[in-house]
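Everything on this sheet refers to the single structure shown next.
Please treat every number below as a calculation from the coordinates, not as lab data. Since the model is a prediction, treat every value here as computed from it, not as a measurement. Ideal geometry is used to build each Cβ from the backbone, glycine not excepted, and the neighbour counts take in all protein chains shown.
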Amino acid sequence: MRIELNQAIEMLNSHDNILILAHRNPDGDALGSGYALCRALRSVGKNAEFKYFDKIPKVFLELEACCENTDFEPSFVVAVDCADSKILGDFPDGRYKEKVDLCIDHHSSNTLYAKYTYLDDNAAATSEIILDIARAIGAEIDTLTAQAIYIGLSTDTGCFRYSNTTSKTMRMAADMMDAGINAGKLNRILFETKSKSYAALEAMALATLTKHFSEKCAIMHITLEMHEKSGTDETEIHALASLPRQIEGVLVGATIKEAEPGRYKVSIRTNPPVNASEICQIFGGGGHKRAAGCEIHGTLSEVKKQLLDAIEPFVRDVDPE
Ligand SMILES: [Mn+2]
């Protein structure tokens, strides 16, 4: 059931032992939201813990230091930035998959799997909503909490460049700078630094790029072999997805990544007016207007064909806005 922000705040206020989960393979916003909410709740005297269960990109490891583990029996389970229980980062026994009390999210594709959902798809990042909540419960926004919020805001907006960035996002980022974060340093680490292995994989991936439909669609792929050859850490790969869309005139940029033989993860990035989430929904995936993902099974050429067939109606007779 969807609820209003004040109801979500009331629920958090009325519970003392709160477990926070996020989506699998958490990104900057999932981690930033989780850690910021955890610290905010602790600062008002509650037991809170944020848990994720996958390897995270090296650049986010610093965040781990901001909430040590504690031991308590949760009475309220919150999921942040997670649109579907299928992708919830859960304990190996899946104990909370169907038992999330409150979901706080900004994905319009949210399946409303939680008992209560506060969803604001105008928020550039879930971290925006978390900052509103933290302020409403009277939490202290210290430098580490501010850093977690900033990482969420900046990563989900491509460092405040994507069209989801609003004046509110910018004001919040400015407030986080006033709280003492080193934005220049964070931006350099998050957006200006590539590992050598990542740079090698980027070159290999770009070499596979092809253009279609009057060059309005650009598509590239990464095979397991390329991944292995480059020595790239799995967690670094998602950054590649933004490359095809950067080419002038491209409305749909697609990146096909071999997850295992016969199974491919597809990332779609679009420019207006094409909706990436609508393309991915054709294959049972979803996401945002400008960034979405799905999985397609088959050989690489079959997957490419299926994908191009799905993309064509979205770009045929469509001009960039
Ligand atoms: Mn997000």
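Could you name the lysines whose alpha carbon sits less than 23 Å from that of K211, not counting residues in the same chain fewer than 8 places away? Within reach: K257, K265, K289, K304, K305.
Extension gain, K305 to C159: 0.36 nm times the residue separation minus the Cα-Cα distance gives 49.3 nm. Here the sum of -39500 (n - 2.57) over DSSP H runs of 4 or more residues, divided by the residues of the chain, equals -10500 deg cm²/dmol at 222 nm, to the nearest 500. Taking amide H as placed 1.01 Å from N in the peptide plane, the amide H of I222 sits under 5 Å from that of I256, K257, E258, each at least 5 places away or on another chain.
One chain, two ends: K196 and N122. Fully extended at 0.36 nm per residue, the span grows by 23.0 nm beyond their Cα-Cα distance. Protection proxy ranking for 237-249, 86-98, using the average of other Cβ atoms within 10 Å per residue and placing the highest first: 237-249, 86-98.
Please give the net charge around S163, taking every other residue with its beta carbon less than 9 angstrom from that of S163, where Lys and Arg add +1 and Asp and Glu add -1.
Numbers: positive: R161, K289, R290; negative: none.
Once all neighbours under 9 Å are counted, the net charge is +3.
In terms of other Cβ atoms within 10 Å, M176, M226, M1 run from fewest to most in the order M1, M226, M176. For Y116, the residues whose amide H sits under 5 Å from its own are L102, C103, ignoring neighbours fewer than 5 places away on the same chain, with H placed 1.01 Å from N. Taking the empirical scaling 2.2 N^0.38 Å for compact globular proteins as reference, the chain has a Cα radius of gyration ratio of 0.99.
Residues of region 85-124 with the amide nitrogen closer than 19 Å to a label point 7 Å from the Cα of N69, along Cα-to-Cβ, please. Within reach of a label on N69, which here means backbone N under 19 Å from a point 7 Å along Cα→Cβ, region 85-124 contributes 89-96.
Taking a ≥ b ≥ c as the square roots of the eigenvalues of the alpha carbon gyration tensor, region 196-315 is prolate, as a/c is not under 1.5 and a/b beats b/c.
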